[in-house]
Amino acid sequence: MKQNMGLIDRVIRILIAVVVVVLFFVKAISGILAIILLIVAGIFILTSLISFCPLYVPFGLSSRKKE
């Protein structure tokens, strides 16, 4: 698995995930929307930690700097 996410991409995803979690805990979002957004936030955190986004592969995308 080749890393395809750069630092800025990873930081943005983590920030979005943190915002979703905070919105959930202050009860700004609830119900099905909250569940879906929490799942997406979990995926964002996981992909940020491993620096790999499987959705980038079919499109040949990469936000990493060229080596």
When (1) at pLDDT below 95; (2) surrounded by 11 or more Cβ atoms within 10 Å (Cβ to Cβ); (3) over 10 Å from Asn4 (Cβ atoms); (4) not β-branched (Val, Ile, Thr) are applied to Lys66, the one that fails is (2)
Can you tell me which residues in the stretch 46-66 are part of a loop (DSSP other than H, G, I, E, B) and more than 11 Å from the chain's Cα centre (by Cα)? Pro54, Leu55, Gly60, Leu61, Ser62, Ser63, Arg64, Lys65, Lys66
Select from the stretch 1-49 the residues that are under 25 Å from Lys66 (Cα atoms) and hydroxyl-bearing (Ser, Thr, Tyr) and list them in ascending order. Thr47, Ser48
Considering the stretch 46-63 alone, what residues qualify as being surrounded by 13 or more Cβ atoms within 10 Å (Cβ to Cβ) and of a type in the set (Val, Ile, Thr)? Thr47, Val57
Go over the candidates Ile12, Ile32, Ile43, Ile16 one by one and state the one that is in a helix (DSSP H, G or I) and loosely packed, with under 11 Cβ neighbours inside 10 Å. Ile32
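Only residues that are hydroxyl-bearing (Ser, Thr, Tyr) and in contact (Cβ under 8 Å) with a residue 24 or more places away in the chain: list them for the stretch 25-67, please.
Thr47, Ser48, Ser51, Tyr56, Ser62, Ser63
The values are calculated or read from the model by the stated rules, or taken from the named source; none is laboratory data. Only a predicted model underlies this, so the values are computations on that prediction, with no experimental measurement involved. No Cβ is skipped: glycine too gets one built from the backbone with ideal geometry, and neighbour counts run over all protein chains shown.
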